[in-house]
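Step one of this worksheet: look at the structure below.
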Amino acid sequence: MSVTRGAGPLSRRDFLSVSMTAAGALMASFNAPGVAHTAPSRAAAAARPVGGQPLGAFVRIETDGRVVIGARGCEIGQGVKTSLPMLIAEELDVPWSAVTVEQLPYGLLAGHDPPGFTSRYGPQGAGGSTNIPDAWNDLRQAGARVRWLLVQAAAQIWQQPADQLRTRDAQVLHPDGRTLSYGQLARRAATLAAAPADVPLKPRSGYRIIGHPTRVIDAREIVTGAAAYGIDAALPGALTAVIARCPYFDGAVAHIDDAQARRVPGVRQVFSIPGPRAGAVLDRNLAAGVAVVADDFWSARQGREALRITWTVGPGAQDSSDALERRAAAALATRGKIARQDGDLEAARKAGDRVVQAVYVMPLLAHATLEPPNALIDLRAQRALLVASLQSPGGASRMISAMTGIPRPDIEIRLLRVGGGFGRGLQNDFVAEAVLVAQSVKAPVKVIWTREDDLQNDFYRPFGLHELTATLDAQRRVTGWAHRVAATPRKYRAEGMEEESDWIGCADLPVEFSLARGWLRGPLPTFSAFAVQSFLDEVALAAGADPLALRLELLGAPRQLPYRDHGGPKLHTERLAGVLRRAAQEVGYGGKVPPGHGIGLASHFTHGGYVAHAFEVAVSAAGELEVVRCVCAADVGEVVNPLGLEAQMMGATIDGLSTALNLQITLKDGRVEQSNFPDYPLLRMAAAPDVDVHLLDSQVPPSGAGEMGMPTVAPALVNAIFAASGKRIRRLPLGAQLKGPTAAS
Amino acid sequence: MAIDFTLNEQRSSYRGDPAMPLLWYLRDHARLTGTKFGCGIGYCGACTVHLDGAAARSCLTPMSRVAGRAVTTIEGLARGAQLHPLQQAWIDEDVPQCGYCQAGQIMAAADLLARKPQPSEADLATLTNLCRCGTYPRIRKAIRRAAAQLQGARR
Ligand code: FES
Ligand code: FES
């Protein structure tokens, strides 16, 4: 995942640019920090806003006192349309109730030194749970600097030193009790020069918005059906396209009979679109296909149904999930590439230490965002407009430019709410399809995927086998630990990426497989935590130790450990121990449970955040599983919005449970077997437990939260299942394993 | 032949493929996009509307079946500016995450409350709408809140 972080406080003079609207409102925009970061000295002067489109602003204060705050992120359900403006509003010192939030479009700023483009509003993509940490300094500083201007304006009017003035609820306060509202000050403040350097931020004790439960800003629009998502976008004269994609990866269209399709009322055009070349980089659309362009979705769908297409199968046409697992098992028998080696496991083995070993199986997964992929594009000779449900608008901008030759500044991208992300939108293959279709159609066109298209044409979460080995000495202390991963590389046919060694393990055994792979919520942590946290319980059993006590013992004294992946460079053991203890305490760990019940725990460090789960489950003699209690404890640093954070943890917990219980993508004869929700059964209300979320009070800068609640769910669940039933689940999803005789113990 | 019906209390008429699902009439023709497409096979509930007051999955409701009936969508659930108690409860309990499923969830819950003003756990478990974001615990809270409020109002 490409994750770049703001490098701390900014001190460029033009960090904030201020202007006045025709109506006298103060408009404050933000110059992209990326420009300053890459070339701090001269880039600032070379940076200029591009394109003729009206770019939004971070803050607009109308003369009547209305405060409008721009939201820069992609709102995929992680709450950034609420939480990012909260950061600005806090330091601006306005009551949240007075704030209106407007979604900003994707914005570009041209840098001449070095040449290239950067996002005008700072990072706008959604990946790696970085929105909050990226914004923590920058957006608070943006709010504080606008407030600083308003105070300067009041100081001029009152002829009073600015440092004697205070602010409160969108007003500047004079020591003698006089007040001037921000609205009254807007016009004058808009003419002043921006703060020359960083201005001081509020102490935590002064927060009136940050840390206070704040509801989803556009909840009213959502519950009345007024909120617009990418799939709802419309442009005058736009047509709808549905694409029949080759069901074989790297396959092609051999023959099309479209006579029937063209007869469907409303169908305008039918044509084939190329797919990626076999083995080539997957940087555009995923599959060759036939596009049916029509007046509306239904006509296009009917047209697609009427197509008769013969496909050329791809090189993977014989492949299957079973064969993939056999290849992975064979890979495990080889040495593989050693990614990390500390100490000598062989020495421990030879010393006669007891060896504990287990293999865990992680299936392929799809993202299954409830809003299927879609993209509306208006492609002209010299410019383009894209409205789509995106997680990576920057990627979309680059892709459209590469495909059409249109300079990036002339590509306008509007962001609407996104009906779920989970990493799917980090790929813009559906945007590439829209471009390919639009190049053959003389009208704006919206490509809409069906659920079948979505489940069968994803960048899947990789498949893998994890082999874990531990050694125990005569005192049953852990003396060695090895983690070998035989998996389909996550970075598959990606430009400039090596197809290996980014697993959290010590040996990497890449396994051949041809289906696109990508990132899914908490990618590496989720992939690893199931194996590691399950195995810890297996080791505890072998050592005769309590699983919680063993974890705490291995974490050891409070200290910092180096961590190479995203969220590093340090891992604080006491924060991990803290969430573990809290989850254990809340679930009543160590207390008596009824027969057939069991409690299981797991904790993990994910992208800089610390989360533990504890489950109490009941397993009946017939193998029926009931989740009795489900606790989540999270330490993700200072809490910006407790209500939103609780929602992320609750949602990730249910996502993790849904995934652990029932979800997998399988391949047979070169084709994905699942086609719609009945084969990919997300949890429904009846099976979704309440989640008891506990947020630890933390004073370190926030880490973000969208992915952190996912990795520990499956291992805590299977550990609880073991405690309840003595059955050790080493393969996900759980499916019917508790019911059959095959369950390992 | 025209198909006549009422849509959010307005008289409407449709002449086109009678097999077209109501969902796509709403989204592409009436431009009421609050009703969402999630699966197209009646499984996810994102497309839930009311037909003569009862919940129906509009992706599986051909226009021919709408003739002479009253269709209510999420856009027509509030009484003017007065939100339906469920809509208010959804805001109060901060239910939406991505929000994509929520119109369907609310329409399904409104139908449930109309039939079972004090729904039991088992009644809530009959709601089969999917939420990919996992908002179910807050959905349950919101339905209970609205049910309590409606009961208070009836007293
Ligand atoms: S879209 Fe109708 S039930 Fe899923
Ligand atoms: S809120 Fe995202 S699907 Fe329900």
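The values are calculated or read from the model by the stated rules, or taken from the named source; none is laboratory data. Worth saying up front: this structure is predicted, and the values here are computed from it rather than measured. Please note: Cβ atoms are built from the backbone with ideal geometry, for glycine as well, and neighbour counts cover all protein chains shown.
I need the full set of residues from region B:111-135 which are in contact with a Gly (Cβ under 9 Å, 6 or more places away or on another chain) and more than 16 Å from ligand 1 (Cβ to nearest atom), in order please.
B:ALA114, B:GLY134, B:THR135
When you look at A:SER83, is it among the hydroxyl-bearing types (Ser, Thr, Tyr), within 18 Å of A:ARG66 (Cβ to Cβ) and at pLDDT 90 or above, yes or no?
Values: among the hydroxyl-bearing types (Ser, Thr, Tyr): yes; within 18 Å of A:ARG66 (Cβ to Cβ): no; at pLDDT 90 or above: yes.
So A:SER83 does not fit the description; no.
Which numbered condition trips up B:GLY152, out of (1) of a type outside the set (A, V, I, L, M, F, W, C); (2) more than 16 Å from ligand 1 (Cβ to nearest atom); (3) closer than 26 Å to A:ALA368 by Cα?
B:GLY152 satisfies all of (1) of a type outside the set (A, V, I, L, M, F, W, C); (2) more than 16 Å from ligand 1 (Cβ to nearest atom); (3) closer than 26 Å to A:ALA368 by Cα except (3).
Counting only residues that are within 15 Å of ligand 2 (Cβ to nearest atom), give me the helices (runs of 4 or more DSSP H) lying completely in region B:84-125 with at least 3 of them.
Numbers: elements: B:85-92, B:102-115, B:121-124.
Once the helices (runs of 4 or more DSSP H) in region B:84-125 are filtered for at least 3 residues that are within 15 Å of ligand 2 (Cβ to nearest atom), what remains is B:85-92, B:102-115.
I need the strands (runs of 3 or more DSSP E) fully contained in region A:489-597, keeping only those with at least 3 residues that are closer than 30 Å to A:TYR460 by Cβ.
On the way: elements: A:507-510, A:560-562, A:570-572.
Passing ranges, in order: A:507-510.
Anything in region A:73-105 that is hydroxyl-bearing (Ser, Thr, Tyr) and touching a Lys or Arg at 6+ places or on another chain (Cβ under 8 Å)? List them, or say none.
Quick first cut of region A:73-105, residues hydroxyl-bearing (Ser, Thr, Tyr) only: A:82-83, A:97, A:100.
Of everything in region A:73-105, those that are hydroxyl-bearing (Ser, Thr, Tyr) and touching a Lys or Arg at 6+ places or on another chain (Cβ under 8 Å) turn out to be A:THR82, A:THR100.
Can we say A:ASN676 is polar (S, T, N, Q) and more than 7 Å from chain B (Cβ to nearest Cβ)?
Working: polar (S, T, N, Q): yes; more than 7 Å from chain B (Cβ to nearest Cβ): no.
So A:ASN676 does not fit the description; no.
Checking A:ASP454 against (1) over 21 Å from A:VAL242 (Cβ atoms); (2) acidic (Asp, Glu); (3) within 16 Å of ligand 2 (Cβ to nearest atom): exactly one of these is not met. Which one?
(1)
Scanning for something part of a loop (DSSP other than H, G, I, E, B), within 15 Å of the chain's Cα centre (by Cα), assigned by TED's automatic domain parsing to the domain that holds B:GLU9 and within 23 Å of A:ARG301 (Cα to Cα), does region B:55-64 turn up at least one residue?
So the first thing to find is which residues in region B:55-64 are part of a loop (DSSP other than H, G, I, E, B), and the list is B:61.
Now restrict to residues that are within 15 Å of the chain's Cα centre (by Cα): B:61.
Still in the list and also assigned by TED's automatic domain parsing to the domain that holds B:GLU9: B:61.
From what's left, within 23 Å of A:ARG301 (Cα to Cα): B:61.
Looking for residues that are part of a loop (DSSP other than H, G, I, E, B), within 15 Å of the chain's Cα centre (by Cα), assigned by TED's automatic domain parsing to the domain that holds B:GLU9 and within 23 Å of A:ARG301 (Cα to Cα), one finds at least one in region B:55-64, hence yes.
Any chance region A:398-405 includes a residue that's of a type in the set (D, E, K, R) and assigned to a strand (DSSP E or B)?
Here is the first cut: in region A:398-405, the ones of a type in the set (D, E, K, R) are A:398.
Filter again for assigned to a strand (DSSP E or B), leaving none.
No; the residues of region A:398-405 include none that is of a type in the set (D, E, K, R) and assigned to a strand (DSSP E or B).
Mind listing just one residue for me: the one in region A:422-431 that is within 15 Å of ligand 2 (Cβ to nearest atom) and of a type outside the set (D, E, K, R) and, of those, farthest from the chain's Cα centre (by Cα)? Give the derivation first.
Here is the first cut: in region A:422-431, the residues within 15 Å of ligand 2 (Cβ to nearest atom) are A:422-425.
Then drop every residue that is not of a type outside the set (D, E, K, R), which leaves A:422-423, A:425.
Numbers: A:PHE422: 5, A:GLY423: 5, A:GLY425: 9 Å.
Once the filter is applied, the top-ranked residue is A:GLY425.
Could you check region A:638-673 and list, in sequence order, the residues that are within 7 Å of chain B (Cβ to nearest Cβ) and more than 26 Å from A:LEU738 (Cβ to Cβ)?
Listed by number, the residues that qualify are A:LEU643, A:ALA647.
So in region B:126-147, with the set limited to residues that are outside any loop (DSSP other than H, G, I, E, B) and not hydrophobic (A, V, I, L, M, F, W, C), which one is nearest to A:GLY423 (Cα to Cα)? Please lay out each step first, then the result.
Looking only at region B:126-147, we keep the residues that are outside any loop (DSSP other than H, G, I, E, B), and these are B:136-147.
Checking which are not hydrophobic (A, V, I, L, M, F, W, C) leaves us with B:136-138, B:140-141, B:144-145.
Numbers: B:TYR136: 22, B:PRO137: 24, B:ARG138: 24, B:ARG140: 27, B:LYS141: 29, B:ARG144: 33, B:ARG145: 34 Å.
Of everything passing the filter in region B:126-147, B:TYR136 is nearest to A:GLY423 (Cα to Cα).
When A:ASP295 is evaluated against the numbered criteria (1) within 14 Å of another protein chain (Cβ to nearest Cβ); (2) in contact (Cβ under 8 Å) with a residue 60 or more places away in the chain; (3) of a type outside the set (S, T, N, Q), which criterion, by number, is the only one it fails?
Result: A:ASP295 passes all but (2).
Would you mention how many residues in region A:62-113 are part of a loop (DSSP other than H, G, I, E, B), within 29 Å of A:LEU185 (Cα to Cα) and of a type in the set (S, T, N, Q)?
1
Would you tally the residues in region B:29-39 being closer than 22 Å to A:GLY303 by Cα and either within 16 Å of ligand 2 (Cβ to nearest atom) or surrounded by 22 or more Cβ atoms within 10 Å (Cβ to Cβ) (or both)?
Count: 4.
Quick check: anything in region A:646-660 surrounded by fewer than 19 Cβ atoms within 10 Å (Cβ to Cβ) and either over 30 Å from A:PRO701 (Cα atoms) or not assigned by TED's automatic domain parsing to the domain that holds A:ARG581 (or both)? Working first, answer last.
The initial filter retains those residues of region A:646-660 that are surrounded by fewer than 19 Cβ atoms within 10 Å (Cβ to Cβ), namely none.
No: region A:646-660 contains no residue that is surrounded by fewer than 19 Cβ atoms within 10 Å (Cβ to Cβ) and either over 30 Å from A:PRO701 (Cα atoms) or not assigned by TED's automatic domain parsing to the domain that holds A:ARG581 (or both).
Can you tell me which condition B:GLY42 does not meet? The list is (1) surrounded by fewer than 22 Cβ atoms within 10 Å (Cβ to Cβ); (2) within 13 Å of ligand 1 (Cβ to nearest atom); (3) at negative phi, and all the others hold.
(3)
Is it true that B:VAL71 is away from ligand 2 (no atom under 16 Å from the Cβ), over 25 Å from A:GLY419 (Cβ atoms), buried (at least 23 other Cβ atoms within 10 Å of the Cβ) and in contact (Cβ under 8 Å) with a residue 60 or more places away in the chain?
Numbers: away from ligand 2 (no atom under 16 Å from the Cβ): yes; over 25 Å from A:GLY419 (Cβ atoms): no; buried (at least 23 other Cβ atoms within 10 Å of the Cβ): yes; in contact (Cβ under 8 Å) with a residue 60 or more places away in the chain: yes.
So B:VAL71 fails the test.
Pick from region A:298-342 the residues that are within 14 Å of chain B (Cβ to nearest Cβ) and of a type in the set (A, V, I, L, M, F, W, C): which of them is nearest to B:TYR25 (Cα to Cα)? Explain how you work it out, then say what you get.
Step one: of region A:298-342, the residues within 14 Å of chain B (Cβ to nearest Cβ) are A:298-306.
Filter again for of a type in the set (A, V, I, L, M, F, W, C), leaving A:298, A:300, A:306.
Details: A:TRP298: 9, A:ALA300: 14, A:ALA306: 21 Å.
The residue in question is A:TRP298.
List pairs: first in region B:48-60 and within 13 Å of chain A (Cβ to nearest Cβ) and under 17 Å from B:PHE37 (Cβ atoms), second more than 11 Å from ligand 1 (Cβ to nearest atom) and of a type in the set (Ser, Thr, Tyr), Cβ under 9 Å, 6+ apart or cross-chain?
Between residues of region B:48-60 that are within 13 Å of chain A (Cβ to nearest Cβ) and under 17 Å from B:PHE37 (Cβ atoms) and residues that are more than 11 Å from ligand 1 (Cβ to nearest atom) and of a type in the set (Ser, Thr, Tyr), the close pairs are B:VAL49/B:THR72; B:VAL49/B:THR73; B:SER58/B:TYR25; B:SER58/B:THR73.
Taking B:VAL95, is it out of contact with any Gly (no Cβ under 8 Å at 6 or more places or on another chain), more than 7 Å from every other protein chain (Cβ to nearest Cβ) and closer than 16 Å to A:MET685 by Cα? Give the steps one after another, and end with the answer.
Values: out of contact with any Gly (no Cβ under 8 Å at 6 or more places or on another chain): yes; more than 7 Å from every other protein chain (Cβ to nearest Cβ): yes; closer than 16 Å to A:MET685 by Cα: yes.
So B:VAL95 passes the test.
Looking only at region A:195-227, which residues are of a type in the set (A, V, I, L, M, F, W, C) and touching a Ser or Thr at 6+ places or on another chain (Cβ under 7 Å)? Outline the logic, then answer.
Residues of region A:195-227 of a type in the set (A, V, I, L, M, F, W, C): A:195, A:197, A:199, A:201, A:209-210, A:216-217, A:219, A:222-223, A:226-227.
Result: A:ALA197, A:VAL216, A:ILE217.
Please go through (1) over 31 Å from the mean Cα position of the chain (by Cα); (2) exposed (fewer than 13 other Cβ atoms within 10 Å of the Cβ) for A:ALA317 and return the number of the only condition it doesn't satisfy.
Against the list (1) over 31 Å from the mean Cα position of the chain (by Cα); (2) exposed (fewer than 13 other Cβ atoms within 10 Å of the Cβ), A:ALA317 comes up short only on (2).
Keeping to region A:622-677, report how many residues are within 21 Å of A:ILE599 (Cα to Cα) and part of a loop (DSSP other than H, G, I, E, B).
3
Can you tell me which residue is farthest from A:LEU235 (Cα to Cα) among those in region A:407-421 that are among the aliphatic types (A, V, I, L, M) and within 16 Å of ligand 2 (Cβ to nearest atom)?
So in region A:407-421, the residues among the aliphatic types (A, V, I, L, M) come out as A:411, A:413, A:415-416, A:418.
Checking which are within 16 Å of ligand 2 (Cβ to nearest atom) leaves us with A:416, A:418.
Working: A:LEU416: 14, A:VAL418: 18 Å.
Out of the qualifying residues, it is A:VAL418.
With the structure loaded, tell me whether B:GLY68 is more than 14 Å from ligand 1 (Cβ to nearest atom), within 13 Å of another protein chain (Cβ to nearest Cβ) and not aromatic (Phe, Trp, Tyr) or whether it fails that test.
Numbers: more than 14 Å from ligand 1 (Cβ to nearest atom): yes; within 13 Å of another protein chain (Cβ to nearest Cβ): no; not aromatic (Phe, Trp, Tyr): yes.
So B:GLY68 fails the test.
If you scan region A:579-599, which residues turn out to be under 27 Å from the mean Cα position of the chain (by Cα) and closer than 18 Å to A:LEU625 by Cα?
Of everything in region A:579-599, nothing turns out to be under 27 Å from the mean Cα position of the chain (by Cα) and closer than 18 Å to A:LEU625 by Cα.
Would you confirm whether or not region B:132-151 contains a residue that is away from ligand 2 (no atom under 13 Å from the Cβ) and in contact with a Lys or Arg (Cβ under 8 Å, 6 or more places away or on another chain)? Full working, then the answer.
Of the residues in region B:132-151, the ones away from ligand 2 (no atom under 13 Å from the Cβ) are B:140-141, B:143-151.
The next check asks that each one be in contact with a Lys or Arg (Cβ under 8 Å, 6 or more places away or on another chain); those that pass are none.
Within region B:132-151, none of the residues are away from ligand 2 (no atom under 13 Å from the Cβ) and in contact with a Lys or Arg (Cβ under 8 Å, 6 or more places away or on another chain).
Which members of region A:220-230 meet the condition of being more than 7 Å from chain B (Cβ to nearest Cβ) and either closer than 15 Å to A:VAL447 by Cβ or crowded, with 24+ Cβ neighbours inside 10 Å (or both)?
The one that is more than 7 Å from chain B (Cβ to nearest Cβ) and either closer than 15 Å to A:VAL447 by Cβ or crowded, with 24+ Cβ neighbours inside 10 Å (or both): A:GLY230.
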